[in-house]
Every structure is written in structure tokens, then in C-alpha cells.
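Novice: Pasting a structure here, questions to come.
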Amino acid sequence: MGRQRGPNVRTGERRQSILRAARDSFVEHGVDGASLRDIAARAGMTHAGLLHHFRSKDDLVVAMLQQRDAEESARDRAQRATTSDEDRLAPLIAELVTERQAAPELVRLWLEVTAAAARPAHPAHDYFVERYAQVRSAMTEYMRSRVAAGAVRGDIDPEHVGALLAAVLDGLQLQWLHDHDLPVVDILDHFLELVAAPATPPTATGDHGRGSTSSPPPTTPS
């Protein structure tokens, strides 16, 4: 006889089914245009049944965002287990970007909610305030560790570079929605290479170019 599943398992499965239905409805209609009744129908349940798990559409939006973060955190932990800190960031970002590009409608949904949540009254405002603080903190600590290891130039501000990396990633994804030929991963790799490049001091002649020589100043006629 098969092993019966407990109520907690069934509840978790129902919540996951609702979140998948909500994501599909948000993608098709936008967050404002999606209705709880449509989401319930997609999940194969009644409106009242959906409200038993999520009290409002706002709760669904935040839960969907939290689920996305949980999936990416799990990927990060898996990456940590197979790579060193030195090699972890670039392949992790490349994997996340590549996966997101396979579903442009979800990238669009994420950026739309991100922008809308800039309003303090938005239900996801606090979520994004906390999330961006966590992202900047994680990037800052990573950059500090790389500076300490001598792998990244020591004249950078790790906190500023961490914020820059988060901004570059968001901005490139927005540009990619307008131009799918944009090589986002290559551009991100180039940004990280620029950060890691050693600082080049000016030459004795004041020339800041690499490997170049200065011509003598022209002779002033007497």
C-alpha cells in the first residue's frame, strides 16, 4: 500500500501549483490585469480555495518573488560546492542570465514589478529594499575577499563596485528586452575583467597609454 502524504506536503504542493498559475497569469495579463479568479482556475481550484493559501494578490506577488530568490539561492549553494570562491561569481551570473533569457516574458515581469515597487505604498516595496541591500552586501563581501586575495585591484571601493555590478546586471537585462542580440554575458564578463585588471600607473613621461612611447616635444623656433 502506498505511503500517504501528510497535510503539510499537500499544502506545499497546492501553494506551488498556485504560484505557477499566478506567474503564468501575471505574464499574460500583467500584475494589475491578472485576477485571483483566473489564477484559481489555472490552478484547478475555487476562488475560496485559493484564498485559503493566499489572502490577496499582493501576497501572491511577494511569494512569487521570494520563490525566485529561493531558487537562485539554491543554485548559488550548489555552485559553491563545486567551485572555489575565485571562480564562483562569473559562471553563476552567466548561468542565471542564460536561464532568464530562455523566458523573456519572466524577465519583463520581474523588471516591471521592480519598477512598480519603487513606490513606497507598493506591497513589494519592502521586499525590494531588503533584497537590494542583501545583493549589494553579498557583492561587497565577495569583492572584499577578492581584493584581500590579491585577485582584484586594491584601489577599488568594494561597496561601490558591488552596487555597480547589481546596477549593470539590471540595466543589461532591460536593454536585452529591447535587443535580444545584446551579448549580456560577454559584457558582464568584460565588466568583471575591468574590475580585476591591475591599476596601470602613468609612465614617467605622463603617458597613460599601455605600451606606448612619448614623442619628444616639438622644437620651438627661436
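The values are calculated or read from the model by the stated rules, or taken from the named source; none is laboratory data. On a predicted model such as this, the values are computed, not experimentally measured, just so you know. Note that each Cβ is placed from the backbone with ideal geometry, even for glycine, and that neighbours are counted across all protein chains shown. Please note that ligands, DNA and RNA were not included when accessible areas were found on the heavy atoms of the full protein model with its side chains. Shrake-Rupley method; radii C 1.70, N 1.55, O 1.52, S 1.80 Å.
Novice: Which of (1) closer than 24 Å to residue 196 by Cβ; (2) part of a loop (DSSP other than H, G, I, E, B); (3) touching an Asp or Glu at 6+ places or on another chain (Cβ under 6 Å) does residue 156 not meet, given it meets every other one?
Specialist: Going through the list (1) closer than 24 Å to residue 196 by Cβ; (2) part of a loop (DSSP other than H, G, I, E, B); (3) touching an Asp or Glu at 6+ places or on another chain (Cβ under 6 Å), residue 156 breaks only (3).
Novice: Related question: All but one of (1) in contact with a Lys or Arg (Cβ under 6 Å, 6 or more places away or on another chain); (2) modelled with pLDDT of 90 or more hold for residue 79; which doesn't?
Specialist: With respect to (1) in contact with a Lys or Arg (Cβ under 6 Å, 6 or more places away or on another chain); (2) modelled with pLDDT of 90 or more, residue 79 is out only on (2).
Novice: Go through segment 116-133 and report how many residues are surrounded by 12 or more Cβ atoms within 10 Å (Cβ to Cβ) and in a helix (DSSP H, G or I). Don't jump to the end; show me each part of the working.
Specialist: First, the residues of segment 116-133 that are surrounded by 12 or more Cβ atoms within 10 Å (Cβ to Cβ): 116-117, 122-129, 131-132.
Now drop any that are not in a helix (DSSP H, G or I), which leaves 116, 125-129, 131-132.
Matching residues across segment 116-133 total 8.
Novice: Just to be sure before I move on: is residue 151 open to solvent by less than 60 Å² (accessible area, probe 1.4 Å), of a type in the set (A, V, I, L, M, F, W, C) and in a loop (DSSP other than H, G, I, E, B) in the structure I sent?
Specialist: Values: open to solvent by less than 60 Å² (accessible area, probe 1.4 Å): yes; of a type in the set (A, V, I, L, M, F, W, C): yes; in a loop (DSSP other than H, G, I, E, B): yes.
It is true that residue 151 is open to solvent by less than 60 Å² (accessible area, probe 1.4 Å), of a type in the set (A, V, I, L, M, F, W, C) and in a loop (DSSP other than H, G, I, E, B).
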